[in-house]
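Trainee: One structure follows; several queries about it will come next.
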Ligand code: PMP
Ligand code: GLN
């Protein structure tokens, strides 16, 4: 997280994107689309800049975006939010996460996470002085009847929670595994959070990138204590805009604003009305985005299987996890560092999403498929040279 002198090291995403630039390798590491989002959303940002919406907006977010987020939650999930009190716009979900952890985790508080976990959780929790308690998601290779996937043992989740638990962090759909939490898991999280008076943080940035299964928000199960994160960047393929949001009980949102005001104060003015436009687009736009992404998933997953990787077909999101052991890998980190030279492709080792010690995941590698057909076809061509 931080060097002994307090400087942060580059994240695995920055490191691997730099490696891709330096070697000319196809970047299936960092999760960002190389195709454009909906034209209406892009046009709305240009129009907002031209209309002069270029000065500091309100700290909570511009009213039309707050309203659009509340409408979105009602439309897709039947969740009623007061846009004036229950919504906060953030500089991507990344700032939302930092503000939540810094505002609500006290030194020594325990924060329960599912491992592998998105790397920002670990950095933010450590910065807040919290103690991260990891619940393992275990790799289950394919059997005769079931495909490869990750599984959670509810007993591990129960064992991780105690009176020291301040927060439980859930991420559904999950990065990096592409799995979605079952209702029984969300119910158990709600039960444990209530028993220990803990806050639930639910990172749902991939909520609309679902392949044929509906998204079930954590706020259905524990609305009184859940802070949910969303991302305009993910939903509308504009990750560089850094426009996200937090929704939840007014009291918790107020606590987070107290921290957020010192982080960014406010967020990019013209992007907010543009994301509001996106959120109000018809269902068909959301469905088309997810369907196209599913095709990209299938393209990459068949190429990986053909080459010999054991692939866990993801239910949602940007990423697929593949076991490189059948290709002779013993260390996914070394495998990924050597891959640009071997075949001109960049991927991320799953251990980058783990604390030290998850040797059971050592040979797993994450590939991003949120890429154009041309990029994926070129990646597939290069990966085939591995055999
Ligand atoms: N949470 C997860 C699980 C993510 O994968 C990401 C980024 N890709 C974020 C949060 C950050 O989202 P944003 O780009 O909106 O800051
Ligand atoms: N969330 C993206 C990923 O998992 C990357 C974001 C970042 O670079 N921090 O690849």
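Trainee: Using Cα centres only, tell me the gap between segment 247-265 and segment 186-235 in whole Å.
Mentor: Computed from Cα coordinates, the inter-centre distance equals 18 Å.
Trainee: Separation of segment 101-150 and segment 297-312 by C-alpha centroid, Å?
Mentor: 26
Trainee: Which percent of the Cα-Cα distances in segment 1-105 go past 24 Å?
Mentor: 51
Trainee: What list do you get for 369, 118 if you sort them by fewest beta carbons within 10 Å?
Mentor: 118, 369
Trainee: Additional query: Could you check the simple spin-label distance between residue 280 and residue 386, using points 7 Å along Cα→Cβ, in nm with one decimal?
Mentor: Taking the simple label geometry, residue 280 and residue 386 are separated by 4.6 nm.
Trainee: Report the antiparallel proportion of the DSSP beta bridges in the chain as a percent, rounded to a multiple of 5.
Mentor: 55
Trainee: Between 277, 185, 143, find the one with the highest GNM mean-square fluctuation for the chain; connect C-alpha pairs within less than 10 Å.
Mentor: Highest fluctuation among the options: 143.
Trainee: Continuing with the same structure: Extending each Cα 7 Å along its Cβ direction at residue 54 and residue 261, get the distance between those two points in nm, one decimal.
Mentor: 2.8
Trainee: In Å and on Cα atoms, what radius of gyration and Dmax does segment 193-290 show?
Mentor: Answer for segment 193-290, Rg first and Dmax second: 14.9, 43 Å.
Trainee: State, as an integer percentage, the relative contact order of segment 94-245 based on alpha-carbon contacts under 8 Å between residues 6 or more apart.
Mentor: Across segment 94-245, relative contact order equals 18 percent.
Trainee: Now for a separate question. Considering segment 203-352, what Rg and Dmax in Å follow from its alpha-carbon atoms?
Mentor: When restricted to the Cα atoms of segment 203-352, Rg and Dmax are 19.1, 53 Å.
Trainee: Give me 252, 88, 157 sorted ascending by neighbouring Cβ count inside 10 Å, so fewest comes first. Present the calculation step by step, with values, prior to reporting the outcome.
Mentor: Values: 252 22, 88 26, 157 19.
Final ranking by Cβ density, sparse to dense: 157, 252, 88.
Trainee: Given the options 108, 328, 92, state which has the largest fluctuation in a GNM of the chain using a 10 Å cut-off (strictly under) for Cα springs.
Mentor: Checking each option, the largest mean-square fluctuation is seen for 328.
Trainee: Tell me what the chain gives for mean residue ellipticity at 222 nm when only DSSP H runs of n ≥ 4 count, each as -39,500 (n - 2.57), the sum divided by the residue total, rounded to 500 deg cm²/dmol.
Mentor: On the way: 13 runs with 157 residues, N = 387.
Theoretical 222 nm ellipticity from helices: -12500 deg cm²/dmol.
Trainee: Treat the count of other C-beta atoms within 10 Å as a stand-in for reagent exposure and order 89, 311, 131 from fewest to most.
Mentor: By the 10 Å Cβ count, ascending, the order reads 131, 311, 89.
Trainee: Still on this structure, please answer the following. Could you check which residue among 184, 372, 237 shows the biggest mean-square fluctuation in a GNM of the chain with a 10 Å Cα cutoff?
Mentor: Largest GNM mean-square fluctuation: 184.
Trainee: Under the Kirkwood approximation applied to all pairs of distinct alpha-carbon atoms, what is the hydrodynamic radius of the chain in Å?
Mentor: It works out to 21.3 Å.
Trainee: Also, I was wondering about something else. Ratio of segment 265-387's C-alpha Rg to 2.2 N^0.38 Å, to two decimals? All intermediate terms of the calculation are to be shown ahead of the outcome.
Mentor: Details: Rg = 17.4 Å, N = 123, 2.2 N^0.38 = 13.7 Å.
After normalising by residue count via 2.2 N^0.38 Å, the value is 1.27.
Trainee: Could you work out the relative contact order of segment 223-309, using alpha carbon pairs under 8 angstrom and six or more residues apart, expressed as a whole percent?
Mentor: RCO, segment 223-309: 22 percent.
Trainee: Pop a pseudo-label 7 angstrom from the Cα along the beta-carbon direction at both residue 140 and residue 156 and give the gap in nm to one decimal.
Mentor: With each label placed 7 Å out from Cα toward Cβ, I get 1.2 nm.
Trainee: List the relative contact order of the chain as a percent without decimals, with contacts defined as Cα pairs under 8 Å and 6+ residues apart.
Mentor: Once divided by the residue count of the chain, the mean separation gives 24 percent.
Quick note: the coordinates plus some simple rules give every number you see, no bench work behind them. The structure displayed is predicted, hence computed values, not measured ones. Glycine gets a Cβ as well: all are built from the backbone with ideal geometry, and neighbour counts include every protein chain shown.
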